[in-house]
1. HN-Hα J couplings of the stretch 131-137 from phi, Karplus 6.51/-1.76/1.60, θ = phi - 60°, integer Hz, Gly and Pro as x?
2. For labels at A145 and K93 in the simple 7 Å Cα→Cβ model, what's the distance in nm?
3. What ranking, highest mean first, results for peptides 81-92, 132-143 when packing means the other Cβ atoms within 10 Å averaged over each residue?
4. Antiparallel as a % of all DSSP beta bridges within the chain, to the nearest 5?
5. Between the alpha-carbon centers of the stretch 25-85 and the stretch 123-163, tell me the distance in whole angstrom.
6. Could you give the semi-axes, largest first, of the ellipsoid that matches the stretch 112-162, computed as the square roots of 5 times the alpha carbon gyration tensor eigenvalues and rounded to whole Å?
7. Roughly how many nanometres apart are two label points built 7 Å out from the Cα toward the Cβ at E100 and R138?
8. Beyond 20 Å, what percent of the Cα pairs of the chain remain?
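The values are calculated or read from the model by the stated rules, or taken from the named source; none is laboratory data. What you see is a predicted model; the values in this text were computed from it and never measured. With ideal geometry, Cβ positions are generated from the backbone for all residues, glycine too; neighbour counts draw on all protein chains shown. Ligands, DNA and RNA are stripped out before the accessible areas are found, and what is left, the full protein with its side chains, is counted by its heavy atoms. Shrake-Rupley method; radii C 1.70, N 1.55, O 1.52, S 1.80 Å.
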Amino acid sequence: MVKELRVNEKILGREVRVLGENAEQLGVMTVAAAKELARRNSLDLVEVAPTSIPPVCRLMDYGKYRYEQTKKEREAKKGQKMSLLKEVRLRPKIGEHDYEAKVRSIQKQLEAGDKVKVTIMFRGREITHSDLGIKILRRIAEELADVSIVEGQPTLLGSRIHLMLVPKPGAKVKTKEGQPENAQAKNP
């Protein structure tokens with residue numbers, strides 16, 4: 001979000017230090033004189049440092065300034081990769097085929113660049129055999145060691161055991177089309 005600055009009529013106080021368009025010092029003057037100077041040059045008087053004594057104002061085209069700031073923010077957002085947290089839930093008595101399907105699902109999510117929280121859920125007295133859940137989590141971590149890093153140890157919270165898997169840095173991140181990201185950059 002672009003920070004809202006006080007402009008022209010919203011500037012309070014009696015005196016301000018005025019900077020020109022190219023940041024040259026124009027001196028300390030009354031607010032009325034500074035507004036008149038800005039009006040003559042078809043510019044806005046913008047308060048850039050309201051806490052200094054006297055407040056510092058600058059002569060600039062405020063609309064153009066705001067446009068450039070929002071453009072910079074959009075460019076910064078464009079370069080960021082949103083990393084989502086996905087959760088995959090398992091049971092301690094999971095069948096082999098179901099286990100393999102869950103591991104493939106976790107691998108796809110890691111390759112897409114998302115963090116994955118693997119949860120083993122226990123019902124009733126199954127919690128007495130929490131070692132089975134830890135064993136499953138360790139097996140998953142071993143099988144996915146080439147595409148993920150284990151973040152912390154398995155943690156027991158209530159009737160669930162959690163393990164966090166993070167994609168390995170430098171691993172090929174697949175895009176929606178299924179091609180690795182760096183392969184798309186080569187083909188215009």
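1. Result, rounded to whole Hz: 4, 5, x, 5, 4, 5, 5.
2. Roughly 3.1 nm, to one decimal.
3. Working: 81-92: 13.0, 132-143: 17.1.
The packing order, highest mean first, is 132-143, 81-92.
4. Roughly 75 percent of the beta bridges in the chain run antiparallel, per DSSP.
5. 53 Å
6. 22, 11, 8
7. Here the modelled spin labels are 2.4 nm apart.
8. The answer is 68 percent, as a whole percent.
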